[in-house]
Amino acid sequence: MPHCERCNRDFRLRRDKKKHIQDSPNHHLCRDCHLDFETSDELFQHDIQEHNMCHVCHAYFETAHGRDTVSVFRSLPSPGLVFIAKRILQHLVAHAPRDVDCPGCDRMFPSSSAMVLHLETGACASNVDCDWVDSVAFECYAAMYYTSDQGGFDFMCPTCQVPFVYMSSVLQHAESNRCEECMTRGSPLWRFLRYLRSRF
C-alpha cells in the first residue's frame, strides 16, 4: 500500500499518492526534475541554482549568464539565437530602473523608447496618440536627420539609415547598441526628445 512518510498517510493506489503530493501544501515539487522539497524556500533556492530562475520575476533561462546579463544579446553568434536574446532583454528591461518620466502624465519608464511608445499607443492620460507623436517628430528642427522618404517608413536611424515605421522604434534601435547612433546631448534623437517635452 502506497504511503506518504511526510504526511503519514496511506493510499489505496499509487496514482492517489501522486495526486496527493501534487496538491498537498506539505510537498513542493520542482516542475522540471520533479524533486519533492519540504519547504517552498528550498524549492525556490533549487530553481535559482539548478534551473536559472530569476529570483524577482520567476522567469526561467537557459543559463545563469543569460539570466544575469545582457552581454549575450550583444554577442550572438547566429541569428537563430535572436529569440533567446530578446527574452533576456525583455527580462532585464522588466527589472530596469524606471527613471524616464512621461511629460504627459505621472508614469515612469525604463527607457525613452518605452515612454514614447506609451504616448504612441494612446495610453497616456494626456490623450496624445501616434498621429500626435508623428506630427511632433516632423515639426522638430532636427527632423531632416531621422525622417525617411522610403515608402511605408516615415523614420530612419540617423546613423545607419535603417527605416522604421514608428519613432519609438528608432529610439529603441539607438538604445540597443545595434549601431553607433546615440542619444547624447545635441544628437538628433536627443533634440527630438527635448522638443517632444516642450510640446506639453
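Tell me, which residue of the range 1-34 that is more than 17 Å from Tyr60 (Cα to Cα) and hydrophobic (A, V, I, L, M, F, W, C) is surrounded by the fewest Cβ atoms within 10 Å (Cβ to Cβ)? The extreme case among them is Met1.
Can you tell me which residue in the range 127-151 is farthest from Arg199 (Cα to Cα), limited to those that are hydrophobic (A, V, I, L, M, F, W, C) and either in contact with a Cys (Cβ under 8 Å, 6 or more places away or on another chain) or in a loop (DSSP other than H, G, I, E, B) (or both)? Here the residue is Ala142. Test Phe61 against the criterion of being within 21 Å of the chain's Cα centre (by Cα), among the aromatic types (Phe, Trp, Tyr) and at pLDDT 65 or above, and give yes or no. Spelling it out, Phe61 is indeed within 21 Å of the chain's Cα centre (by Cα), among the aromatic types (Phe, Trp, Tyr) and at pLDDT 65 or above. Scanning the range 102-126 for residues that are crowded, with 17+ Cβ neighbours inside 10 Å and aliphatic (A, V, I, L, M), we see that the one that is nearest to the chain's Cα centre (by Cα) is Ala114.
Tallying residues that are part of a loop (DSSP other than H, G, I, E, B), of a type in the set (A, V, I, L, M, F, W, C) and under 23 Å from the mean Cα position of the chain (by Cα) within the range 152-200 yields 6.
Among residues of the range 1-20 that are among the small types (Gly, Ala, Ser), none has a Cβ under 6 angstrom from a residue that is modelled with pLDDT of 90 or more at a sequence gap of 6+ or on a separate chain.
The values are calculated or read from the model by the stated rules, or taken from the named source; none is laboratory data. Predicted model, so just to flag it, every value in this text is computed and none were measured. All Cβ positions, even for glycine, are placed from backbone atoms using ideal geometry, and neighbour counts span all protein chains on display.
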